1. Can you check how the C-alpha radius of gyration of the range 27-76 compares to 2.2 N^0.38 Å, as a plain ratio?
2. In degrees between 0 and 90, to the nearest 10, how far off the longest principal axis of the chain does helix 186-195 point, with axes built from Cα atoms?
3. Can you order the peptides 250-257, 124-131 by their average number of other Cβ atoms within 10 Å per residue, highest first?
4. Suppose the Debye formula is applied to equal point scatterers at every Cα of the range 103-256; what is log10 I(q)/I(0) at q = 0.09, 0.19 Å⁻¹?
5. With θ set to phi - 60° and the Karplus curve 6.51 cos²θ - 1.76 cosθ + 1.60, what are the ³J(HN,Hα) couplings of the range 109-117 in order, to the nearest whole Hz, using x for Gly and Pro?
6. Pop a pseudo-label 7 angstrom from the Cα along the beta-carbon direction at both ARG31 and ASP244 and give the gap in nm to one decimal.
7. Quick one: what does P(r) look like for the chain with 5 Å bins over all Cα pairs, in whole %?
8. Quick one: Kirkwood hydrodynamic radius for the range 7-109, alpha-carbon pairs, angstrom, one decimal?
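Throughout, read-outs are computed from the coordinates displayed, never taken from laboratory work. Keep in mind the model is a prediction, meaning the values are calculated, not measured. Cβ sites come from the backbone with ideal geometry, for glycine too, and all protein chains shown count toward neighbours.
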Amino acid sequence: MAGSEVSEQHVGPPGTERTPRVAAARKLLRRAGRERAGRFLVEGAQAVREAVRYGTVHELFVTDAAADRHPDLVAAAAAAGARVGPVTDRAAAALSETVTPQGLVAVCDLLDVPLPAALGERPALVAVCAEIADPGNAGTVIRVADAAGADAVLLAGDAVDPHNGKAVRASTGSVFHLPLARDRDPDAVLDACRAAGLTLLAADAGGELDLHDPAADAVLAGPVAWVFGGEAHGVPAAAAARADHRVRVPILGRAESLNLATAAAVCLYASVGARRRRSPESR
């Protein structure tokens, strides 16, 4: 790797798409391969940087051009104990799901933990992705939850794998910043939230509680789990029926609706704002 501080560690030609280690890593592009190996792929400088800081990186595949662009990142991965393997552009493309691969792909341990571990002892703000199937939406909700200071993101029912490449990219590294948990039983997720002392709030365009009603502050400021549904159908009916409140974001203009990521941001930050108004010391 010309120009890289770690180039002397590697002898021989760069790995190709047929190199055994690259071929093994390619299997992690599929959910079944990730679950068998207990590992997933992280692509791009920002996500890899967060993986090195907060995750467990076993291997970093890097092209010559990427090593020249990010020598500090390559050195940090090596210092953290990752095996750094130079690869050809074609090999990097084979490990990528993007149109323009960045030439940096890390192999990391899966991040999800059991529900009790994700929730901890006294959670105050949690986001629940109820059967959200689109990886870009799920990753963006994780990013928004991270920005709002949420304690965890839970994926309930037939939800997308948060280790999906598109979800990881949409999170811009936030998958490494807060606990993630998955459970195919939505009731188990909601039960765990209740057991942790959280009030269940379903984001619902037809909800009985207006997000901007001053009376809503008392609800929003407490320990809450916001339940978000998919873009097309919203929160599943069974989950909405179990919520303590169905909360609507008022549409004041002529827009038909808000997209999922925007609605999640508005709702999560509404809880942050309500908490600060009622408890100034939390600012």
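1. On the way: Rg = 11.9 Å, N = 50, 2.2 N^0.38 = 9.7 Å.
Normalised by 2.2 N^0.38 Å, the Cα Rg of the range 27-76 equals 1.23.
2. 70 degrees
3. Working: 250-257: 7.8, 124-131: 25.1.
Highest-to-lowest ranking by the protection proxy: 124-131, 250-257.
4. Computed log10 I(q)/I(0) values: -0.27, -1.17.
5. 5, 4, 9, 5, 10, x, 3, x, 5
6. 3.1 nm
7. Taking all Cα pairs of the chain, the binned fractions are 1, 6, 12, 16, 16, 13, 10, 9, 7, 5, 3, 1, 0, 0 percent.
8. Numbers: mean 1/r = 0.0752 Å⁻¹.
Evaluated over the range 7-109, this radius sits at 13.3 Å.
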